[in-house]
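The values are calculated or read from the model by the stated rules, or taken from the named source; none is laboratory data. These figures come from a predicted structure and were not determined experimentally. Neighbour counts run over all protein chains shown; Cβ positions are idealised from the backbone, glycine included.
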Amino acid sequence: MIIVDTPEPSFKVINAARDQKIELYAGQKVTLTTDATVPASSQVLPVNSPDFMKYVKLGERLFVGMYLATGSDNFSAVLQVEEVEEKSVVCHCVDRATLESGAIMVHVAKYSSEMPSIFSQKEVEQELKIWDQPDLVDFVEVSCTRTADDIKQMRRFLRSTRYMRETKLVAKIESRQGLCNFDSILEEADGIMMSRGDLGLAVPLEKVVQAQKHIVRRCNQVAKPVTVTRVLDSMVNVPQPTRAEATDVANAVLDGADAVLLGAETVRGSFPVATVRTVLSICKEAETAFNKEVYGKYLMKSFPSPVPHDLAVAASAVRAASKIKAHMIICFTSTGISPRLTASFRPNIPILTVVLPTLSVGSNLKWTASGAMQARQTLITSGLIPVLADPRGEPSQQHLQDAFKVGKKLGLVLSGKVDFRRSERVVGSSREPIRRCRGSFVESSKIGGLIVLTSAAREKSSS
């Protein structure tokens, strides 16, 4: 799975020499200037934008630190604005810090919503041009998403490309404005990433927890994947996290987050492999404490009445799997919608997502099959294990048998045990011939469990 992050509007300190360390001391005066000819020093920090003064207000606090700074180390500083002049800002350094050359960022928290949300169409096209290749990019993250229009604009751009038309969009919520417009953003985006580092600078720290719970809950209600960032900052320098960090990761899982993104811990941390193993261990343990039955009932109550058809089928599939003590759910799909809806109920068994390739005739009059990207895109949703089906022929009993074999190979189901299958297209049971179906129903199969059938047309209409 490949996720491409778009460039974000940001202010950076320039003219710092290679390997230069800039020492700042508590109480000293620091001037931020737009004069690009001035070298960076502990007294003067030149900024890359001539419009910097437009976004700085007297009395506010600026955060200055290296890219992906944790805020808990001595590589970042807080500057209090005391004077705003035509081409410079005079600040009071609140705490001591050592700024190392490279990407030194200046975060203007309070007024960052006035900055342009994303770069111009030309700049975005230039950045993403190298990624416009066949079957390559699965997701594009829209940095600093503040309104639903940011997502719409990026989607229009992707549809104008040659190979990224099926690429999904993830909105990064990292500003106060993005938080205020979250519901409309969620409606347009294919997934959400809560960038807690930047969001923690834009809103009071005590509000971040409440924001996280709201964001995760809303994403769960509409069956869209949500990712949480900045979890084990201390492991940038030490091989073990704090107990508070471990608890934070577990609580993200218990809230309903689909994924955890590691940043500074793996980009420049000293223990990247240990960090990944630690997060994996914590997440696995937290999942055992997740009360999925209570959660499923809560989720059903949050839906409007009558419950949408696809959601009702997904809920029934999960309940039936629980009743028969199934070891696995097999879900056939062509778009990924049905397994995502099923996964939103957090069943306590894995969901084997069998993606049925779509056949088409290319410009060279040759048959081509697509589906690999759709399979990879399910990886961002918790509980889904993707498998690409054989593109030859229609969905058939052979697909069921192949899926069952994959489940046994992965250790998800043992021979002779009951399994559960949910399908949205043309399938057949082991006792009856293949047939087409327009509705959804439950049926027994010879090799155990149940099969839920629903038409592909219905899945497309729900998107």
Here the residues within the range 255-278 that are touching a helix residue (DSSP H, G or I) at 6+ places or on another chain (Cβ under 6 Å) and either assigned to a helix (DSSP H, G or I) or of a type in the set (Phe, Trp, Tyr) (or both) are Asp255, Ala264, Glu265, Thr266, Phe271, Pro272, Thr275
Among residues belonging to the range 255-277 that are buried (at least 20 other Cβ atoms within 10 Å of the Cβ), more than 26 Å from Lys292 (Cβ to Cβ) and not small (Gly, Ala, Ser), point out the one that is modelled with the lowest pLDDT. Glu265
Among (1) free of Cβ contacts under 8 Å to residues at least 40 places away in the same chain; (2) in the same structural domain as Val238 (by TED's automatic domain parsing); (3) not aromatic (Phe, Trp, Tyr), there is one condition Leu261 misses while meeting the rest; what is its number? (1)
Search the range 181-206 for residues that are under 15 Å from Ile151 (Cβ atoms) and pair each with any residue that is part of a loop (DSSP other than H, G, I, E, B) when their beta-carbon atoms are under 6 Å apart and the residues are at least 6 apart or on different chains. Asn181/Thr147; Ile185/Thr145; Gly191/Lys224; Gly191/Pro225
So is Glu245 crowded, with 17+ Cβ neighbours inside 10 Å and acidic (Asp, Glu) or not? yes
Specify which of the listed residues (Ala372, Ala317) is among the small types (Gly, Ala, Ser) and within 23 Å of the chain's Cα centre (by Cα). Ala372
If you take just the strands (runs of 3 or more DSSP E) that sit entirely in the range 1-106, which of them hold at least 3 residues that are free of Cβ contacts under 8 Å to residues at least 60 places away in the same chain and buried (at least 16 other Cβ atoms within 10 Å of the Cβ)? 61-66, 76-84
Could you pull out the residue among Lys29, Lys122 that is more than 20 Å from Gly200 (Cα to Cα) and at pLDDT 95 or above? Lys29
Looking at Ala252, Ala321, Ala315, can you tell me which residue is in a helix (DSSP H, G or I), surrounded by 22 or more Cβ atoms within 10 Å (Cβ to Cβ) and modelled with pLDDT under 90? Ala321
Could you check Gly178 against (1) modelled with pLDDT of 95 or more; (2) surrounded by 16 or more Cβ atoms within 10 Å (Cβ to Cβ) and say which number it fails? (1)
Looking at (1) among the hydroxyl-bearing types (Ser, Thr, Tyr); (2) more than 26 Å from Cys91 (Cβ to Cβ); (3) at pLDDT below 80, which is the one condition that is false for Ser113? (2)
Only one of (1) surrounded by 14 or more Cβ atoms within 10 Å (Cβ to Cβ); (2) modelled with pLDDT of 85 or more; (3) among the polar types (S, T, N, Q) fails for Ser281. Which number is that? (1)
Please enumerate the residues belonging to the range 322-353 that are basic (Lys, Arg) and closer than 16 Å to Thr378 by Cβ. Arg340, Arg346
Grab the strands (runs of 3 or more DSSP E) fully contained in the range 331-421, keeping just those with 3 or more residues being touching a Ser or Thr at 6+ places or on another chain (Cβ under 8 Å) and at pLDDT 90 or above. 384-388
Before we move on, is Leu24 of a type in the set (A, V, I, L, M), within 18 Å of Ser195 (Cα to Cα) and in the same structural domain as Arg96 (by TED's automatic domain parsing)? no
For the range 125-140, name all the residues that are assigned to a helix (DSSP H, G or I) and either assigned by TED's automatic domain parsing to the domain that holds Thr33 or at pLDDT 90 or above (or both). Trp131
Enumeration of residues in the range 214-243 that are part of a strand (DSSP E or B) and among the aliphatic types (A, V, I, L, M): Val226, Val228
State whether one or more residues within the range 273-288 are small (Gly, Ala, Ser), free of Cβ contacts under 8 Å to residues at least 40 places away in the same chain, touching a Pro at 6+ places or on another chain (Cβ under 6 Å) and not assigned by TED's automatic domain parsing to the domain that holds Ala314. yes
Quick one: count up the residues across the range 141-175 that are in a helix (DSSP H, G or I), among the acidic types (Asp, Glu) and crowded, with 19+ Cβ neighbours inside 10 Å. 1
When you look at Arg155, is it out of contact with any helix residue (DSSP H, G or I) (no Cβ under 8 Å at 6 or more places or on another chain) and either modelled with pLDDT of 90 or more or within 20 Å of Gln377 (Cβ to Cβ) (or both), yes or no? no
Conditions (1) under 29 Å from Val140 (Cβ atoms); (2) buried (at least 20 other Cβ atoms within 10 Å of the Cβ): number failed by Ala372: (2)
